[in-house]
């Protein structure tokens with residue numbers, strides 16, 4: 001039993017691994033929010049920092065304001081109130097090291113227990129008059145500090161995403177599974193047109209059937225994710241719309257099959273349409289979104305799995321998830337095929353008994 | 001041999017045009033439909049900016065091309081099945097249907113263009129750019145429509161099936177056509193921002209190649 005279905009066991013093992021590790025590994029410490037959000041240069045600032053998964057009471061944290069690429073201002077005093085809340089006191093120099101009167105600063109919290117975490121462009125600093133040279137001198141006096149680094153295995157903390165970053169293992173991996181099934185069905189559709197075997201038609205159909213199921217789950221998990229991160233169930237993002245259009249093409253395939261009664265004709269026509277559909281998916285999902293700006297990684301010029309998008313801790317779970325969902329998809333389609341094959345056999349026997 | 005093939009193409013093309021326009025009333029009806037549609041959208045929109053003009057043009061043309069395309073194989077694979085399958089090469093029939101649809105869609109798109117131009121003038125439009133866009137766009141649409149017309153003509157409720165099959169496939173094409181049309185109306189021209197134009201060109205080549213590869217397999221009956 002294990003011999004012929006080893007890949008099913010691998011699928012089970014991988015998906016259990018993805019579920020446990022993907023859901024149980026905590027996120028790295030991060031900064032949820034800071035208050036106040038706006039300050040005047042030259043004033044004294046008491047900044048309250050709200051952390052996430054942090055231990056501010058343990059690691060004697062230090063807090064910094066960061067401007068542009070190279071200007072860092074350390075806090076005069078840090079008072080940890082709770083594990084996830086601290087107060088930091090700054091004395092802002094009279095001038096800023098920039099030409100603008102209004103500038104956004106990032107906040108960095110660094111401690112021995114948590115390592116360093118940052119919330120980018122969160123604090124707006126304004127100045128009445130500009131003196132860039134003096135501002136640069138005042139801001140660079142302290143020099144660049146050495147930050148702590150924690151090497152324990154945790155998923156990255158990203159503002160906006162928070163815990164939903166784990167959806168990468170399901171939403172994206174399900175899409176990979178869907179594409180694998182679509183290309184699998186393409187292979188069997190070509191075989192149908194080449195050799196005309198009914199079994200190949202059933203295999204192509206069962207794979208498209210599960211691919212549509214995966215596609216719907218991909219749309220659903222994507223929509224839920226969009227609701228949490230972008231505050232909307234659906235956006236005008238090109239990748240979203242092209243994905244929905246691809247689903248429509250495959251729903252059309254299913255409708256086409258239901259409308260043709262003759263088995264041979266159904267096999268040939270649906271195989272031809274399936275080849276057309278798979279080829280149409282390539283420009284819709286892989287080409288068109290790359291030509292315009294998109295919220296999704298890998299489109300509009302940004303990299304798909306570059307260092308900015310995919311942390312190595314995520315990769316450890318993501319790649320097994322992709323493989324696991326691909327294998328699960330083929331497993332489900334295999335079950336669907338066997339059911340349909342038996343139904344066909346039964347229908348054939350009944351036809352022979354009642355000609 | 002090529003002369004014989006060309007004469008066959010001409011005969012089949014002539015048959016299609018005769019069947020489509022066996023009386024001038026039919027051509028009049030098409031013109032009346034285009035004028036009526038243009039007038040209706042103008043009457044209800046009351047807007048004459050390039051964006052509205054372009055959007056209305058493509059919506060009306062979507063319907064025009066859809067109703068023209070869905071029945072190109074209706075009779076050839078129905079009443080005249082014997083003729084289609086025995087007297088002529090299937091490739092030739094498909095090629096002629098493509099040509100017929102391509103010519104018809106171009107005529108209709110230009111009629112619609114001029115009706116829109118007269119009723120709702122959008123300002124300066126480069127007619128040659130528009131001609132280039134429509135020639136390329138109609139080439140892709142005619143290939144996709146005639147292919148799906150073959151598929152849907154083999155089942156009972158063909159109009160519904162044709163709609164379901166074709167709309168998701170041509171939707172991006174119409175989107176690219178709309179954006180290129182807008183670029184022409186805004187004076188950028190087809191080659192000013194050619195990214196959308198290249199998409200249409202790519203889809204056209206893709207569709208032609210694919211259809212001619214798959215066609216021999218689905219014709220067997």
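FYI, it's all coordinate maths here, none of it is from the lab. Computed from a prediction, not measured in an experiment: that's the story for all the values here. Please note: Cβ atoms are built from the backbone with ideal geometry, for glycine as well, and neighbour counts cover all protein chains shown.
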task = May I ask you to derive the relative contact order of chain A, considering only C-alpha pairs under 8 Å and at least 6 residues apart, and to give it as an integer percent?
result = 18 percent
inquiry  = For segment A:3-56 and segment A:66-95, what is the centre-to-centre distance using only Cα atoms, to the nearest Å?
reply    = 23 Å
task = Given the peptides B:119-129, A:234-244, arrange them by the average over their residues of other C-beta atoms within 10 Å, most packed first.
result = A:234-244, B:119-129
inquiry  = Run the simple label-point estimate for residue A:131 and residue B:9 please: 7 Å along Cα→C-beta, distance reported in nm.
reply    = 8.2 nm
inquiry  = Once the convex hull of the alpha carbons of segment A:79-140 is built, what does its volume come to per residue, in cubic angstrom?
reply    = 101 Å³
query = Simple spin-label model, 7 Å along Cα-to-Cβ: residue A:7 to residue B:114 in nm?
reply = 6.0 nm
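Taking R0 as 41 Å, what's the FRET efficiency between residue A:48 and residue B:131 from their Cβ-Cβ distance, rounded to 0.05?
0.05
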inquiry  = Can you tell me what share of the DSSP beta bridges in chain A is antiparallel? A percent to the nearest 5 is fine.
reply    = 90 percent
Residue list for segment A:279-296, given a label point 7 angstrom along the Cα-to-Cβ vector of residue B:198 and an amide N cut-off under 19 Å = A:282-294
task = For segment A:30-140, just list the percent of Cα-Cα distances falling in each 10 Å bin from zero outward, please.
result = 16, 50, 27, 8, 0
inquiry  = Suppose a student asked you for the relative contact order of segment A:162-353, using Cα pairs under 8 Å spaced at least 6 residues apart; what percent would you report?
reply    = 33 percent
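For a distance above 40 Å, tell me the whole-number percent of Cα pairs in the protein assembly as shown that qualify.
Details: 76549 of 165600 pairs.
Tail of the P(r) past 40 Å holds 46 percent of the pairs.
Under the classification rounded if a/c is under 1.5, otherwise prolate if a/b is larger than b/c and oblate if not, where does segment B:90-221 fall, given a ≥ b ≥ c as square roots of the Cα gyration tensor eigenvalues?
Working: a/c = 2.28, a/b = 1.90, b/c = 1.20.
It comes out prolate by the Cα gyration axes.
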